[in-house]
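Below is one structure, written out as structure tokens, with a few remarks after it.
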Protein chains: 2
Amino acid sequence: MSFTAQDSSYMARAIQLAPRGWFTTRTNPRVGCVLVKDNIIIGEGWHEKPGFAHAEINALNHAGESAKGATAYVTLEPCAHHGKTGPCAEALVEAGVARVVAAMLDPNPLVAGKGMKILEKAGIKTEYGLMQAQAETLNPGFIKRMTKGLPRVIAKVGMSLDGRTAMAIGESQWITGASARRDVQRLRAESGAIITGSGTVVIDNPSMNVREQAFTANPHFTQPVRVIIDSQNIVEPDAKIFSHEGHCWLVSGHLSEKGYPANVEQKTVALLPGKDEVSHQKVDLKALLIMLAEAGINDVLIEAGSGLVGAFVAQELVDELVVYMAPKLMGSAARPMFQLPLETMQQNIELTLNDIRQIGNDLRLNYYFKKA
Amino acid sequence: MSFTAQDSSYMARAIQLAPRGWFTTRTNPRVGCVLVKDNIIIGEGWHEKPGFAHAEINALNHAGESAKGATAYVTLEPCAHHGKTGPCAEALVEAGVARVVAAMLDPNPLVAGKGMKILEKAGIKTEYGLMQAQAETLNPGFIKRMTKGLPRVIAKVGMSLDGRTAMAIGESQWITGASARRDVQRLRAESGAIITGSGTVVIDNPSMNVREQAFTANPHFTQPVRVIIDSQNIVEPDAKIFSHEGHCWLVSGHLSEKGYPANVEQKTVALLPGKDEVSHQKVDLKALLIMLAEAGINDVLIEAGSGLVGAFVAQELVDELVVYMAPKLMGSAARPMFQLPLETMQQNIELTLNDIRQIGNDLRLNYYFKKA
């Protein structure tokens, strides 16, 4: 396989189209497609939302009859399965496309290569691997779910320079400025689920929804699932988090008999033998993440207190940190960034800085956890 | 007073010359001077070191006879006093300079304007205030000492993302990388004194000196004074911090009878009534800073444990933070950034971010304390 500069420029266009579904593809991957004939783009498409046409179908519809003999540039291998919309590989065959270039194969090892095989059998020239690294950045959550059976997990932390997330008495509003809080709306909007704990719900009574017009005005936008870990069944049905549009999961070891609103689904997860009766570590957090992956959730955002987030971190379930760091000192009596007992420097958890920017008066720091 | 673009460009040159003495003027201010006649620079000078010629004298020597009728651009008002080198104002008069432009008046309210008056009396045209803000950045420590009777204090902190400076058992080497530690050499080199505590000296046995060739190779360079706060007189004479070239202050409430090396000067400072027998807060830290200012120290760097630095912060004696933040988590059992007990968010200490850069894998953050 060798690619020309023109191949790269058309694939770059396909990679540019895919993020148009950034906040709406949810359980599906973000995909872009460009159809080219005689060095002219004759069709463009992207995937918008589950149940809607895939990127390839949109591009074929755009091109119409002229798709015959064209080259298709697509950011992800065309699907081979009969889902809600029929396999794209077959649609490309039917349209008479002559060549298909995919940036990457399907990350699902059980499916990878199947779409390409359908195309090849029909005599279509197939290639893949063009701008693969760029294409992968479109779908970190989808790729992780397909390869590991777990969603990609981002923990969001609002803290002071001295790494504190609340005063000892619980006071924590507001550590960061309005601009940082607005940025969190974007983090939420690109997540399939937001996890929080019963402590946060009971004490702060947050909404944990997406309110920013920039996202909600899109008719295809759906609220991320709000997931409340409530191992002691203490969250009341009138909590504000249930009162907004969108689905909620109430997660515990045992069903509660409280009557919750219709948008609340109770989920039981195994409880781990806990040392601490009030610790959130009682719910098997990995089992919960697997359950979310099985429900098609690619990207999870954790917005919770230092105990719950610390448990996710200690169990190595977090992929990324997004830290909003306010220019202030909250002092050594205040609550830590994470409840995370480590004894020696050997046990320190190494991170990799990915991005830093100033948001209002706060810094926004993005770190990856180093994987062993 | 009105200045031309040419005035600004010559003053900019003077401001560019002053930092050539950045690491060596120590108790004196950093000053640059440019002599201009017929739109040609005929003399340049800067101050290098106490006891050496001032910037104006160097520029006059450079210009020689041609100084007659020239304009002198100087970053600080020429001195009027007979110190180690004779008043610069008189030297400018003698040289027959026609006009003197100073970026700023002497910050010492007892002296401000006296140099200008000598010049005016001799019929020289004097102006000041050109690029004053830029000139002030040359001498933040000198200006603070002259106006407040206290040195400028920078607290240096090496910590993890979660704001921890040592493990609970005391382990702290090395939190940050080699590049950050090398950057600390520059911080030390531009300081007149480095303050640390007996705990740090006893546990880590640091050198706390400037070792980087870039600074020590300069024949005019002198080591900052190493100041050890030792209220319990526990530091032994063989501590490594005493073994290097340079003066040390050993600060306590009462003289020790241990025999210290010749470069160690014992200083007694008032003890404050302390709640805690082992707390470093026992020494009156403000009294110590006043003592340092009286000894001519413009810039103090604090490199100490969270208890001692926390005490300086709590007493509002710190002007700036330089934080080296490593991409790691040390956990919630580790020692805090500062021992600083605050109860409500109302009591939080507000900072202003001045500068951020990446040094190796660490971030270097520079914050100012907001003054009431």
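For the stretch B:47-77, the set of residues classified as crowded, with 24+ Cβ neighbours inside 10 Å and out of contact with any strand residue (DSSP E or B) (no Cβ under 7 Å at 6 or more places or on another chain) consists of B:His47, B:His54, listed by residue number. The criterion of at least 3 residues that are farther than 25 Å from A:Leu340 by Cα and either assigned by the TED database to the domain that holds B:Pro107 or modelled with pLDDT of 95 or more (or both) is met, among strands (runs of 3 or more DSSP E) falling completely within the stretch B:139-220, by B:152-160, B:193-197.
Within the stretch B:220-254, the set of residues being in contact (Cβ under 8 Å) with a residue 60 or more places away in the chain, out of contact with any strand residue (DSSP E or B) (no Cβ under 8 Å at 6 or more places or on another chain) and of a type outside the set (Val, Ile, Thr) comprises B:His220, B:Phe221.
Please find, within the stretch B:125-140, the residue that is most open to solvent (accessible area, probe 1.4 Å) out of those that are under 30 Å from B:Asn361 (Cα atoms) and of a type outside the set (S, T, N, Q). Explain how you work it out, then say what you get.
Within the stretch B:125-140, the subset under 30 Å from B:Asn361 (Cα atoms) is B:137-138, B:140.
Adding the requirement that they be of a type outside the set (S, T, N, Q) leaves B:138, B:140.
Working: B:Leu138: 7, B:Pro140: 44 Å².
In this case the residue turns out to be B:Pro140.
A:Thr344 satisfies every condition listed in (1) touching a strand residue (DSSP E or B) at 6+ places or on another chain (Cβ under 7 Å); (2) at the interface with another protein chain (Cβ under 10 Å from one of its Cβ atoms); (3) more than 24 Å from A:Asp284 (Cβ to Cβ) except (1).
For B:Glu127, indicate whether it is within 29 Å of A:Ser332 (Cβ to Cβ) and acidic (Asp, Glu).
No: the conditions fail for B:Glu127.
Looking at A:Ala333, A:Ala311, A:Ala304, A:Ala270, just one residue is surrounded by fewer than 21 Cβ atoms within 10 Å (Cβ to Cβ), farther than 30 Å from B:Asn366 by Cβ and either within 14 Å of chain B (Cβ to nearest Cβ) or among the small types (Gly, Ala, Ser) (or both), and that residue is A:Ala270.
Residues in the stretch B:190-245 that are over 22 Å from B:Arg335 (Cα atoms) and acidic (Asp, Glu) were compared, and the one that is surrounded by the most Cβ atoms within 10 Å (Cβ to Cβ) is B:Glu190. The set of residues in the stretch B:153-180 being open to solvent by 40 Å² or more (accessible area, probe 1.4 Å), in contact with a strand residue (DSSP E or B) (Cβ under 8 Å, 6 or more places away or on another chain) and away from chain A (no Cβ under 11 Å) consists of B:Lys156, B:Ser179.
Within the stretch A:350-368, restricting attention to residues that are in contact with a Phe, Trp or Tyr (Cβ under 7 Å, 6 or more places away or on another chain) and at the interface with chain B (Cβ under 7 Å from one of its Cβ atoms), the residue that is nearest to A:Val283 (Cα to Cα) is A:Leu351. If the condition is being open to solvent by 50 Å² or more (accessible area, probe 1.4 Å) and under 19 Å from the mean Cα position of the chain (by Cα), then the stretch A:20-46 contributes A:Arg20, A:Trp22, A:Phe23, A:Trp46. Yes or no: B:Arg99 among the basic types (Lys, Arg), under 30 Å from B:Gly296 (Cα atoms) and surrounded by fewer than 18 Cβ atoms within 10 Å (Cβ to Cβ)? The answer is no for B:Arg99.
The values are calculated or read from the model by the stated rules, or taken from the named source; none is laboratory data. Values in this document were obtained by computation on a predicted structure and should not be read as measured data. Positions of Cβ are backbone-derived with ideal geometry, glycine not excepted, and every protein chain shown enters the neighbour counts. Please note that ligands, DNA and RNA were not included when accessible areas were found on the heavy atoms of the full protein model with its side chains. Shrake-Rupley method; radii C 1.70, N 1.55, O 1.52, S 1.80 Å.
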